[in-house]
């Protein structure tokens, strides 16, 4: 059964994390953006926001607190082409003491299309032990705030149904 996807207008209720024009070097032999760059957009969008939430270089390098991704599901919904302007948006779904579940959206602003949805589960990490660890308290507090806020949006987060924190 197909997962219902939000409209572009619904996704645009979420803040823009990143805006980018698709560069020529991202085109593959099929004449569209290669699959690896969809994930690259989401990764590039997440780092500045993580830093705002307290998971900055100091957390990773000095306090040795980090994150590991555990699962990914990526829906490719519409092609991206060189020159298209895209935005990336983030929605948090749920969390536990160690893990959180979220969804990122790539919107093609040039064509007014939802291009992809990236669902993931990540865990807090002790970078010295190289193991899962509780999420840092300040980060967990930000997640709690956003999970509550995003839960009020009035549209369900698209999830594949097999991931949970």
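FYI, it's all coordinate maths here, none of it is from the lab. Predicted, not measured: the structure shown is a model, and the values here were computed from it. No Cβ is skipped: glycine too gets one built from the backbone with ideal geometry, and neighbour counts run over all protein chains shown.
Miscellaneous remarks
- With the highest mean first, a sort of the peptides 51-63, 35-47 on other beta-carbon atoms found within 10 angstrom per residue produces 35-47, 51-63.
- Per residue, the convex hull spanned by the Cα atoms of region 50-104 measures out at 136 cubic angstrom.
- Using a simple spin-label model with pseudo-atoms 7 Å out from Cα toward Cβ, residue 13 and residue 82 lie 3.8 nm apart.
- Degrees, to the nearest 10: 137-151 long Cα axis against longest axis of the chain: 40 degrees
- Neighbour counting of Cβ atoms within 10 Å sorts the residues 87, 96, fewest neighbours leading, into 96, 87.
- Here the simple spin-label model places points 7 Å from the Cα toward Cβ, and for residue 152 and residue 97 these points are separated by 2.9 nm.
- Extension gain, residue 25 back to residue 160 (0.36 nm per residue minus Cα-Cα distance, nm): 45.5 nm
- With all pairs of different C-alpha atoms in the average, the Kirkwood value for the hydrodynamic radius of the chain is 16.6 Å.
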